[in-house]
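Beneath this line is the structure, given in structure tokens, with notes to follow.
The values are calculated or read from the model by the stated rules, or taken from the named source; none is laboratory data. Please read all numbers here as calculations on a predicted model, not as lab measurements. Cβ atoms come from the backbone with ideal geometry, glycine included; neighbour counts cover every protein chain shown.
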Amino acid sequence: MATSSYDELLRVARRLPLAERLRLVGALASEAAGELPASARHSMTPEEALIALDEVRAHFAAQGPVSPTIAEDLAASRR
Amino acid sequence: MYTLDANIYARDIDRNDPNYDDCHALIERLKQGDVRVTVPTLLLAELAASISRVRRDPMRARITVDALQALPYMEFIALDRTLGQEAAEIAADRAVKGADAVYIAVALRHGCTLVTLDQEQATRAAPIVPVMTPQAVLAVLTRP
């Protein structure tokens, strides 16, 4: 069912003029990209998130201080 | 409810930052989950960009923002046309930087106190939303 629907849609889409095909590809890619982070988010539990943040802090701390700092870079990006 | 500017998270993730202790203490307190934090989705790109640029570490930039989105007390507000218009009006009327205005607009719309360590943002936001430092919020939340 899903395969035949896909084939059918693809056949119809291929009949579209080039500009419309490009528009369709852009719209589908944009929508799919928007859905990806949501599925990734669901894979991390709150407990895992806290552990992950602690790991990131520990990793950066082990690397030592840098200049500019992350906060300074953020401030500079808003200037 | 609070709206934390990205500058709080940028300091919380970096133990070498001079303001790490205050920002991390607040983030640790928020883990209890009894206080809602409402921020614009803009925070995700801002934070990921600065982590990646400064630390040359795109993987941990992604992990950081994915982790923030997994925290149940965090609410992310998308910049739709209405919020964009509200931020634009704040930016125009108060000569606030564009990104700063987005945080102020989110705080205003959702009845939040803006938490920031940016003095200019704090000063210009103060006439329209409550503004506090992380230390001040922590003092309120730990009051017996």
Test: residue in the range B:5-15 that is within 12 Å of chain A (Cβ to nearest Cβ), polar (S, T, N, Q) and either assigned to a helix (DSSP H, G or I) or touching an Asp or Glu at 6+ places or on another chain (Cβ under 7 Å) (or both): yes
In the range A:49-79, the residues that are at pLDDT below 95, surrounded by fewer than 15 Cβ atoms within 10 Å (Cβ to Cβ) and charged (D, E, K, R): A:R79
Residue count for the range B:100-121, restricted to those that are within 13 Å of chain A (Cβ to nearest Cβ), within 12 Å of the chain's Cα centre (by Cα) and either of a type in the set (D, E, K, R) or surrounded by fewer than 21 Cβ atoms within 10 Å (Cβ to Cβ) (or both): 3
Given (1) farther than 23 Å from A:R79 by Cβ; (2) without any contact (Cβ under 8 Å) to a residue 24 or more places away in the chain, number of the condition B:G111 does not satisfy: (2)
Residue within the range B:48-63 that is surrounded by 16 or more Cβ atoms within 10 Å (Cβ to Cβ), under 24 Å from B:T123 (Cα atoms), more than 10 Å from chain A (Cβ to nearest Cβ) and within 15 Å of the chain's Cα centre (by Cα) present: no
B:E28 vs. criteria more than 7 Å from chain A (Cβ to nearest Cβ), farther than 20 Å from B:M132 by Cβ, among the acidic types (D, E) and part of a helix (DSSP H, G or I): no
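Which residues, taken from the range B:31-44, are at the interface with chain A (Cβ under 9 Å from one of its Cβ atoms) and not basic (K, R)?
Across the range B:31-44, the qualifying residues are B:G33, B:L44.
So is B:L83 surrounded by fewer than 22 Cβ atoms within 10 Å (Cβ to Cβ) and part of a loop (DSSP other than H, G, I, E, B) or not?
Against the criterion (surrounded by fewer than 22 Cβ atoms within 10 Å (Cβ to Cβ) and part of a loop (DSSP other than H, G, I, E, B)), B:L83 does not qualify.
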